[in-house]
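The values are calculated or read from the model by the stated rules, or taken from the named source; none is laboratory data. Remember, predicted model here, so these are calculated numbers, not experimental data. Glycine gets a Cβ as well: all are built from the backbone with ideal geometry, and neighbour counts include every protein chain shown. Surface areas here come from the heavy atoms of the whole protein model, side chains and all, with no ligands, DNA or RNA. Shrake-Rupley method; radii C 1.70, N 1.55, O 1.52, S 1.80 Å.
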Amino acid sequence: MKLVVTAGPTREPIDPVRFLSNRSSGKMGYAIASAAIEANHEVVLISGPVNLAPPAGAKLVNVITADEMHAAVHEAVHDCDVLVMCAAVSDYKPAHVAEQKIKKRDEKFSLELIPARDILKSLPPSRNFFAVGFAAETNDVEEHARAKLATKNCDMMVANDLSDPDIGMESDENAVTIFSRGGESETISRTSKKIIARELVKIICRNAKKVLTKKF
Ligand code: CTP
């Protein structure tokens, strides 16, 4: 199968020296890309700025902003079987990017933000690939993950519980629950991101094959 995996954060520029971003390290997405290659799948890895070596054998596409990731995903999904949106894409971006460095002043300062495009929501509802989203939640994990599964038109939603600071973002470990369209769910308890990635690749590809019956 051909998998497109997104990983890491995006950065939204404020001025030439500043940006808005988040704590995503890219470890989970890179582990998924590695596990998919290990399982003999073809992988396009669309990565935001991270400090990780890309897995050998993946086609790497580097992006910085949510708009760049949006364009890269739309180009890559044309001939893919599975899209795994593991990236922590910015929800907002500055309404204006200052051309010169914003100078410090001794007064309140506010930044006007506008919504960034939602990549998953922008995908065509009728499509020839299986779409997996990742829900990063600090509370009411199941409720929020199921809502995202429906509103973002995904085939599967992998929920990360971020309420435990020892796992998830930046950590080498994670614990996830996978929610499917039919209402089923499956939990992978706390373990290394490498092991979670191997399990996820198996589960995702097994379910993708069921949905993409004309292809496989
Ligand atoms: N996502 C996306 N485009 C965005 C933001 C998020 O495609 N602009 C994708 C992520 O890659 C992930 C899924 O949507 O697969 C859920 O992301 P998450 O950050 O959990 O949810 P949000 O939609 O950003 O909602 P909220 O921040 O309110 O939880």
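With the condition kept exactly as written, say whether any residue in the range 133-154 is within 11 Å of the ligand (Cβ to nearest atom), touching a Pro at 6+ places or on another chain (Cβ under 7 Å) and of a type in the set (Phe, Trp, Tyr).
no
Of these, Pro115, Pro125, which one is near the ligand (Cβ under 10 Å from one of its atoms) and either open to solvent by 10 Å² or more (accessible area, probe 1.4 Å) or within 16 Å of the chain's Cα centre (by Cα) (or both)?
Pro115
Can you tell which of Glu68, Glu12, Glu99 is farther than 27 Å from Val211 by Cβ, charged (D, E, K, R) and open to solvent by less than 10 Å² (accessible area, probe 1.4 Å)? Please lay out each step first, then the result.
Values: Glu68 fails: open to solvent by less than 10 Å² (accessible area, probe 1.4 Å); Glu99 fails: open to solvent by less than 10 Å² (accessible area, probe 1.4 Å).
Criteria check complete, one pass: Glu12.
So in the range 19-49, with the set limited to residues that are assigned to a loop (DSSP other than H, G, I, E, B) and open to solvent by less than 40 Å² (accessible area, probe 1.4 Å), which one is farthest from Val201 (Cα to Cα)?
Among those residues, the one meeting the criterion is Pro49.
Every residue in the range 140-158 that is closer than 16 Å to Leu83 by Cα and either assigned to a strand (DSSP E or B) or β-branched (Val, Ile, Thr) (or both), please.
Listed by number, the residues that qualify are Met156, Met157, Val158.
So in the range 147-171, with the set limited to residues that are charged (D, E, K, R), crowded, with 17+ Cβ neighbours inside 10 Å and out of contact with any helix residue (DSSP H, G or I) (no Cβ under 7 Å at 6 or more places or on another chain), which one is farthest from Arg23 (Cα to Cα)?
Among those that are charged (D, E, K, R), crowded, with 17+ Cβ neighbours inside 10 Å and out of contact with any helix residue (DSSP H, G or I) (no Cβ under 7 Å at 6 or more places or on another chain), it is Lys152.
With the requirement that a residue be touching a residue at least 60 places away in the same chain (Cβ under 8 Å) and open to solvent by less than 20 Å² (accessible area, probe 1.4 Å), what does the range 172-189 give you?
Result: Asn174, single match.
In the range 183-216, how many residues are hydrophobic (A, V, I, L, M, F, W, C), part of a loop (DSSP other than H, G, I, E, B) and farther than 18 Å from Met85 by Cβ?
Matching residues across the range 183-216 total 1.
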